[in-house]
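Colleague: Handing you a structure now.
The values are calculated or read from the model by the stated rules, or taken from the named source; none is laboratory data. On a predicted model such as this, the values are computed, not experimentally measured, just so you know. Here the Cβ is made from the backbone with ideal geometry for all residues, glycine too, and neighbour counts use every protein chain on show.
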Amino acid sequence: MSERVLEVIHAGRVPYGEALEWQRRLAQDRIAGRLAHDVLLLLEHPPVITLGRNSHAEHVLADGAGIEVFEIERGGDVTYHGPGQLVGYPIIDLTHHRQDLHWYLRTLEQALIDALARLGVAAERHPGYTGVWTGGGKRKIASIGVHVKQWVTWHGFALNVTTDLTAFDRIVPCGIAGVEMTSVEKERGTVKGEGALWDETVRAVIQGFESAFNLTARQEPVTTSA
Amino acid sequence: MATTVHMEALSPTMEEGRLVKWTKQEGDAVKTGETLAEVETDKAVMELVARADGSLVKILVPEGKTVPVGAAVAYIGAPGESIPDAGGKPASASTGMRDAGSVKPAPAATLPASATPQPVAPTDAARVKASPLARRLAREAGVDLRLVTGSGPGGRVTRRDLEGVAAPAPSPAPPAAAAPTHPASPIPHPPSGGAAFEDIPLTQIRKTIARRLVTSLGPIPHFFLTTEVDMERAAEARAALNKELGDQGKVSFNDIIVKATALALTRHRACNAWFQEDHIRYWNEVHLGMAVAVEDGLITPVVRNADQKSLSQISVEARALADKARHRQLKPDEYTGATFSVSNLGMFDIDQFTAVINPPEAGILAVGTVVEKPVVVEGQVVPRKRLRLTMSCDHRVIDGATGAAFLKTLKQMLENPLAMLL
């Protein structure tokens, strides 16, 4: 068992802009040393389209149709977040792990691949395409886009659990035309209570992080007071 | 003296970064630790922070541009301070690199000032830093130590640096007379009789090529199949198409070959495959790698779903990719994921050659030049445009007959371009 702690915060459903503020603040605290542990923020967003630094406006196919659009400082192209998608924002100080951005991206993928294996979904990397894929690199189950400042990370991953996949039709995910998006629910093909699958996925993701990053999770109930 | 801000490496495997956004503008005051710009590599954005206080006196790289790790991107100095020009030397003591251990040295050409060769003072051989053993070996071999690049600490010449260094051309004069009386030229231009070779460190691209090709020709059991194709009708079709297109572009023989290869692969899935550790992945999509010569190497941008694209689409895309490749602007997803590749040396007047497979792909097609030569057609010797194609196959995936069947389809398509419409 590793002695280093990963503080897991279950934040529930959080509007994108608010979660962004949390992340930035947590990252600043981690950089400044006010935060002693790595943190994993786990949450869900109301429907939102975000544009990474590498975005091409033409990758938003339909206008937002009432969906908020954010332009943000993470890597990658455009993506969609919404209900049924487990979003994870790891605030990790890489100076305590490895000062290597590519290592971080690959380890993030590994954490999710491990988690999916626990859920009975065979997932893999698709070399050259950051993210987690199934079906031999044909279907994308999790998107990744990160930001690093002074070796502290923010932004992270979005894993489709029971996401309404038609929402992705509004965008060209990650700028790769013709990508088919998938979800844990779709890959497993089993009908199970939505809540049960969500909880099982959350547990698997935390375990995946523990093994991939060699950390011990400590779960904190979310504090709602400011 | 202004401080140079460099493109930082945030991973030993990071070769270049795209400057996506300047968060400070020229003339802005900056403090150590403040973010100057955002840089993207892969799916990660990192912040480039100032390592010195002052003013951002000059931005060298515009937003959206990709530059190699180590390249200068800006200068920080006192307001109004002149910045180093090509003749000057940028400060190197306080560079923007945070972790020297994980940073690769910049390719020399990208640093404005390093274009000027390090002058080597014409010192006495005795003043060149060298180990005693190296000194003795050099004396015995008649090698001028000033002409040897030292790899030891502080440029100290060690025994290893001397291994393989040839002595000056044997001259009838006694050794004593061989001692140079004139100062030797600086290292970049050794006089005849100097070192027999020059060691140029491998650039990232050469290292990658070396690694990838060794993992190909060594462990992959290659075999080769050659066929000669009559290109008369393809040439006619091309002329007609180009006439039709007018100034909307030109279709090249290579575009036709790319399209025909992609279509032939859809009919021979066995050749459109990746060899993986414990399985073979047969692709249902055709993504065609197209070897492009770039300065100091080659890179294989990928025309995705080439079988589904029109000739003019392929032509436009192939040209754009080749152009990006030459300017080192390809994004990873533009040069990875090919299911089969085509290498064309026709423009160099190569009749026929064999190409090395790009793993995990199972095959590559080597395309020669279209040559007009005498051919016997129905008992008559007539001039025909002919093209030689050689396919390299990974025998673990493709057997002789499998490869031959694919080549036959490809040949038929090229000889009768209308067959591509079937």
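Colleague: List pairs: first in the stretch B:378-407 and at positive phi, second of a type in the set (G, A, S), Cβ under 7 Å, 6+ apart or cross-chain?
Modeller: No pair meets every condition.
Colleague: Residues to consider are A:I206, A:I171; find the one that is surrounded by 19 or more Cβ atoms within 10 Å (Cβ to Cβ) and modelled with pLDDT under 90.
Modeller: A:I171
Colleague: Of the residues in the stretch B:33-66, how many are assigned to a strand (DSSP E or B) and at positive phi?
Modeller: 1
Colleague: Could you go through the stretch A:49-63 and let me know if any residue there is at pLDDT 70 or above and among the aliphatic types (A, V, I, L, M).
Modeller: yes
Colleague: Still on this model: Quick one: is B:R384 assigned to a strand (DSSP E or B), of a type in the set (K, R) and surrounded by 14 or more Cβ atoms within 10 Å (Cβ to Cβ)?
Modeller: Answer is yes for this residue.
Colleague: Still on this model: Can you go through B:A366, B:A320, B:A325, B:A291 and tell me which one is touching a Phe, Trp or Tyr at 6+ places or on another chain (Cβ under 6 Å) and either over 19 Å from B:L265 (Cα atoms) or away from chain A (no Cβ under 14 Å) (or both)?
Modeller: Answer to the check: B:A366.
One line per residue, one yes/no per condition, for (1) in the same structural domain as B:T266 (by TED's automatic domain parsing); (2) within 23 Å of A:P127 (Cβ to Cβ); (3) free of Cβ contacts under 8 Å to residues at least 40 places away in the same chain:
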position	(1), (2), (3)
B:V286	yes, yes, no
B:R304	yes, yes, yes
B:I314	yes, no, no
B:L321	yes, yes, yes
B:A325	yes, yes, yes
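Colleague: State yes or no: is B:S341 of a type in the set (S, T, Y) and either free of Cβ contacts under 8 Å to residues at least 40 places away in the same chain or farther than 26 Å from A:E180 by Cβ (or both)?
Modeller: So B:S341 fails the test.
Colleague: When you go through B:T409, B:T390, B:T369 one by one, which is the residue that is buried (at least 16 other Cβ atoms within 10 Å of the Cβ) and in contact with a Ser or Thr (Cβ under 9 Å, 6 or more places away or on another chain)?
Modeller: After ruling out the rest, the residue left standing is B:T390.
Colleague: Next question. Counting only residues that are of a type in the set (V, I, T) and in a strand (DSSP E or B), how many does the stretch B:1-32 have?
Modeller: Matching residues across the stretch B:1-32 total 5.
Colleague: Output the residue which, of all residues in the stretch B:23-59 that are of a type in the set (D, E) and without any contact (Cβ under 8 Å) to a residue 60 or more places away in the chain, is farthest from the other protein chains (Cβ to nearest Cβ).
Modeller: Restricting to residues being of a type in the set (D, E) and without any contact (Cβ under 8 Å) to a residue 60 or more places away in the chain, the top hit is B:E26.
Colleague: How many residues, within the stretch A:70-102, are touching a helix residue (DSSP H, G or I) at 6+ places or on another chain (Cβ under 8 Å) and more than 7 Å from chain B (Cβ to nearest Cβ)?
Modeller: 20
Colleague: For the stretch B:289-302, which positions are free of Cβ contacts under 8 Å to residues at least 40 places away in the same chain and more than 9 Å from the chain's Cα centre (by Cα)?
Modeller: The answer is B:P301, B:V302.
Colleague: In the stretch B:319-358, what residues are on the phi > 0 side of the Ramachandran plot and surrounded by fewer than 15 Cβ atoms within 10 Å (Cβ to Cβ)?
Modeller: Matches in the stretch B:319-358: B:D349 only.
Colleague: Go through the residues of the stretch B:329-343 one by one and say whether even a single one is more than 30 Å from A:T130 (Cα to Cα) and within 32 Å of the chain's Cα centre (by Cα).
Modeller: no
Colleague: Taking the condition of being away from every other protein chain (no Cβ under 12 Å), in contact with a strand residue (DSSP E or B) (Cβ under 7 Å, 6 or more places away or on another chain) and not in a strand (DSSP E or B), how many residues in the stretch A:103-155 meet it?
Modeller: 5
Colleague: Something else about it: For the stretch A:145-167, name all the residues that are closer than 23 Å to A:L119 by Cβ, at pLDDT below 90 and surrounded by fewer than 24 Cβ atoms within 10 Å (Cβ to Cβ).
Modeller: A:D164, A:L165, A:T166, A:A167
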